[in-house]
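Below: the structure, in structure tokens.
The values are calculated or read from the model by the stated rules, or taken from the named source; none is laboratory data. Because the structure is predicted, anything quoted here is derived from the model rather than measured. Virtual Cβ from ideal backbone geometry, glycine too; neighbours counted across all protein chains shown.
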Amino acid sequence: MSVDVFQKKKLGYVEGYISIFLNIALFILKFIVGQRVGSVAMMADAWHTLSDTLTSMVVIVGFWLASRPADKEHVFGHGKAESVASIVIATLLGVVGGYFCYESVFKLIHRQAMSFSLLAIAVFAISAVLKEALAQFAFWAGKKVDSSSLRADGWHHRSDAVASLIIVVGALFGQRFWWLDGVLGIGVSLLILNAGFTIIRNSASYLIGESPSDDVVKRVKALVEAEFPQLEGIHHLHVHSYGEHSEVTAHLKVPGAMRVDQAHAMATKVEEMMKKEFEGDVTIHVEPEKHGQDGND
């Protein structure tokens with residue numbers, strides 16, 4: 001296992017375990033206070049916090065699977081397991097969001113208001129600060145090791161922080177506006193559902209396969225053209241990512257009259273250049289210029 005993979009796994013574990021400990025503590029506090037004041041929005045936010053515990057467990061399992069080496073059945077490794085974990089996280093978000101949207105609509109229909117509680121304001125205000133701090137840590141870790149599941153967990157934490165802040169507003173003004181609790185509950189639910197949809201869309205796009213960015217293509221072409229100005233260029237650049245491992249293919253156009261050994265030497269050099277760029281295995285297909293074009297030996 002390389003140092004980078006080990007660091008990624010370690011950061012994933014640290015974020016996951018801190019999240020589990022903190023979320024369980026916050027869930028207990030929120031659940032008790034939510035029951036005492038009889039608030040659907042508070043109860044929704046408490047369960048949202050507990051769902052963060054489940055997603056952090058998924059993060060840990062995802063990092064463990066992604067760090068496993070390649071085997072006979074998975075010759076490119078298990079790196080995509082992390083994106084699968086991200087989709088599991090998003091699915092859990094969707095279930096929680098859908099359930100509490102239903103509960104909030106039910107409360108609006110029955111005109112159930114939320115009681116005022118200074119304790120609730122204190123608990124949820126503290127929760128908002130702690131969860132945003134945890135989100136910042138997850139975003140930092142996700143950026144440092146380029147982890148989609150850590151970034152997904154960060155958005156999960158941030159949605160919980162925003163939800164807690166909304167609950168504070170509801171606790172302050174709930175007695176004046178009976179409908180505020182139900183409306184805020186729907187708002188929290190929509191926030192959760194939106195986070196889940198965004199995570200699924202991004203993770204599914206990665207799993208299906210994405211084209212390299214225009215900047216990457218231009219940079220590779222510039223490197224090849226600078227090294228071998230006599231070539232027409234490189235095209236059909238495809239990158240298949242498997243977590244820490246990438247498989248790269250491209251077509252290299254060479255002069256039609258060039259000898260096979262010369263073309264092979266050029267292709268090998270280009271493969272070495274691109275291995276440094278993509279940190280993966282590169283396969284170059286050599287093709288001659290079109291008939292009728294001049295070429296050089």
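Where residues in region 229-247 are out of contact with any helix residue (DSSP H, G or I) (no Cβ under 6 Å at 6 or more places or on another chain) and crowded, with 17+ Cβ neighbours inside 10 Å, which of them is modelled with the highest pLDDT?
Restricting to residues being out of contact with any helix residue (DSSP H, G or I) (no Cβ under 6 Å at 6 or more places or on another chain) and crowded, with 17+ Cβ neighbours inside 10 Å, the top hit is V239.
Could you grab me the full set of residues in region 100-159 that are of a type in the set (D, E), over 13 Å from the mean Cα position of the chain (by Cα) and within 13 Å of N23 (Cα to Cα)?
E132
Which one is farthest from V96 (Cα to Cα) among residues in region 199-226 that are of a type in the set (A, V, I, L, M) and loosely packed, with under 13 Cβ neighbours inside 10 Å?
So, considering only residues that are of a type in the set (A, V, I, L, M) and loosely packed, with under 13 Cβ neighbours inside 10 Å, the one farthest from V96 (Cα to Cα) is A226.
Go through region 174-217 residue by residue and tally those that are among the basic types (K, R) and under 26 Å from the mean Cα position of the chain (by Cα).
Here the count works out to 1.
For the structure I just gave you, tell me whether V217 is among the β-branched types (V, I, T) and either more than 27 Å from L134 (Cβ to Cβ) or in contact with a Leu (Cβ under 6 Å, 6 or more places away or on another chain) (or both).
yes
Any idea which of G196, G174, G185 is of a type in the set (G, A, S), in the same structural domain as D45 (by TED's automatic domain parsing), modelled with pLDDT under 75 and buried (at least 19 other Cβ atoms within 10 Å of the Cβ)?
G174 is the lone residue from the list that is of a type in the set (G, A, S), in the same structural domain as D45 (by TED's automatic domain parsing), modelled with pLDDT under 75 and buried (at least 19 other Cβ atoms within 10 Å of the Cβ).
Within region 254-284, take every residue that is in contact with a Lys or Arg (Cβ under 9 Å, 6 or more places away or on another chain) and surrounded by fewer than 18 Cβ atoms within 10 Å (Cβ to Cβ) and give me the one that is nearest to E227 (Cα to Cα).
Step by step, filter region 254-284, then rank; the result is E277.
Pairs please, first residue from region 14-29 and farther than 16 Å from V59 by Cα, second anywhere and buried (at least 20 other Cβ atoms within 10 Å of the Cβ), Cβ atoms under 6 Å, 6+ apart in sequence or on different chains.
Qualifying pairs under 6 Å: L26/T49; L26/S127; F27/A46; F27/T49; L29/V123.
Kindly check whether there is at least one residue in region 31-40 that is among the polar types (S, T, N, Q), surrounded by fewer than 18 Cβ atoms within 10 Å (Cβ to Cβ), modelled with pLDDT under 85 and in a helix (DSSP H, G or I).
Scanning region 31-40, I find at least one residue that is among the polar types (S, T, N, Q), surrounded by fewer than 18 Cβ atoms within 10 Å (Cβ to Cβ), modelled with pLDDT under 85 and in a helix (DSSP H, G or I), so the answer is yes.
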